[in-house]
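Below is one structure; the comments refer to it alone.
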Amino acid sequence: MKTTTTKMGVMFVVLALLVSCSTPVSITSWKSPDSNAQVGNVVVLALFDKLTYTQPFEEQLTAYFNSQNLKSKKALDLMDPTKQYTNEELNKILDNAGADGLLLISYKGKDVSLNTTGGFYGGYRGWYGGGGQVYTTSTFNISAKLYIVKDDKLIWTADMQLTDPNDVNASAKQIAQAIIKDWAAKNMLKNPLPPAQK
């Protein structure tokens, strides 16, 4: 009975470590060292193969950005997703929207890894505890690029990874939060963030 209890205890510790070490979203970003540009009004353009992903990504990002004092608009509200635009047409659309930035979000593929918690040893002369778990981890890779509309200059890029996402809306909001946090840290926002909610 003691052995079973010990095994269960160790298993709970292993599972707790696995859960606590998982990171839903990670971000690696670059900002042009030559640019001091700040944005206060951006258009979000999600470049996905399916509208079922494009729409919620644009909706969640713009909703969160607007809640953080960063004006934003969905590209779907300004452009026809089935049409190809020239640079001149795109610039005119962005100017009419009053945008000073264009944020492009795109999907760069998925990595799947096979993992195991294994077993463990313990007790008199050692015993092998079963209960090892085999599981897969799916990491979705997302790319983001921010262009300044005025001179069509790329000033910021980021590679983001989402671990085991199970809801596109929640994932899009997490990405929006990661972007805003990064932009604020790099002094890229014209307007201050609202006070943190308690």
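Please tell me the relative contact order of the stretch 21-100 in percent, rounded to the nearest whole number, where contacts are Cα pairs under 8 Å and at least six residues apart.
34 percent
Once the other residues with Cβ under 15 Å from the Cβ of residue 189 are scored (Lys, Arg +1; Asp, Glu -1), what is the net sum? Once positives and negatives cancel, what remains is +3.
Cross-link pairs exceeding 19 Å in C-alpha to C-alpha distance, out of 31/153; 153/181; 50/150; 73/186, comprise 153/181; 50/150; 73/186. Computed from Cα atoms alone, the Kirkwood hydrodynamic radius reported for the stretch 143-198 is 13.2 Å. Applied to the stretch 168-177, the Karplus parametrisation 6.51 cos²θ - 1.76 cosθ + 1.60 on θ = phi - 60° returns per-residue 3J(HN,Hα) values of 5, 5, 5, 5, 4, 5, 4, 5, 4, 5 Hz, with x for Gly and Pro. Please state the shape class of the stretch 21-105: rounded when a/c is under 1.5, otherwise prolate if a/b exceeds b/c and oblate if not, all from the C-alpha gyration tensor. In terms of gyration-tensor shape, oblate. The order of the peptides 54-64, 75-85, 149-159, 34-44 by mean Cβ neighbours within 10 Å, most packed first, is 54-64, 34-44, 149-159, 75-85.
We did not get these values from a lab; they are worked out from the coordinates using the rules stated. Predicted model, so just to flag it, every value in this text is computed and none were measured. Methodologically, a virtual Cβ is constructed for each residue, glycine included, from the backbone with ideal geometry; neighbour enumeration extends over all protein chains shown.
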